[in-house]
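To start, the structure under review is shown below, and the notes come after it.
The values are calculated or read from the model by the stated rules, or taken from the named source; none is laboratory data. Quantities reported herein were computed from a predicted structural model and do not represent experimental measurements. As a convention, Cβ positions derive from the backbone with ideal geometry for all residues, glycine included, and neighbour counts pool all protein chains shown.
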Amino acid sequence: MRLNLKSISSVGSARLSLTEKIGYSLGDVASCIFFQSFMLYLLYFYTDVFGITAAAAGTMFLVTRIWDSVNDPLMGILGDRINTRWGKFRPYLLWMALPFGIVGVLTFWYILPSTCLILHCWG
């Protein structure tokens, strides 16, 4: 398969407008705020609410980062190879939005062992 370098160079030279740059950056800011709020509160929640040791919580964070380093490139390869009529990544964003939100809320729910009472511990 040969690449047409002339068409690639003409597409690559198009510049983004200021509104497009702001739109992309605001989407990234929302994602960063979401993840950083989880990460800032998660260690406190695991150690003070769940009562696990800081070493166990740190080990969990290390294992998840190692998993991310293996899993993220694999998901990128999978996304690049799939092409739907809605695009490459849009179906994942649409299908996974609700489960992702549910898991995010369930991350900070705590079930008291003695009473089976569920507490919503957002802070």
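Things worth noting here:
- Residue in region 87-97 that is nearest to Gly27 (Cα to Cα), counting only those that are surrounded by fewer than 11 Cβ atoms within 10 Å (Cβ to Cβ) and more than 13 Å from the chain's Cα centre (by Cα): Leu94
- Close pairs from region 67-82: first hydrophobic (A, V, I, L, M, F, W, C), partner modelled with pLDDT under 90, Cβ under 7 Å, at least 6 apart: Ile82/Lys88
- Search result, residues across region 54-108 that are farther than 24 Å from Tyr44 by Cα and not in a helix (DSSP H, G or I): Ile82, Asn83, Thr84, Arg85, Trp86, Gly87, Lys88, Phe89
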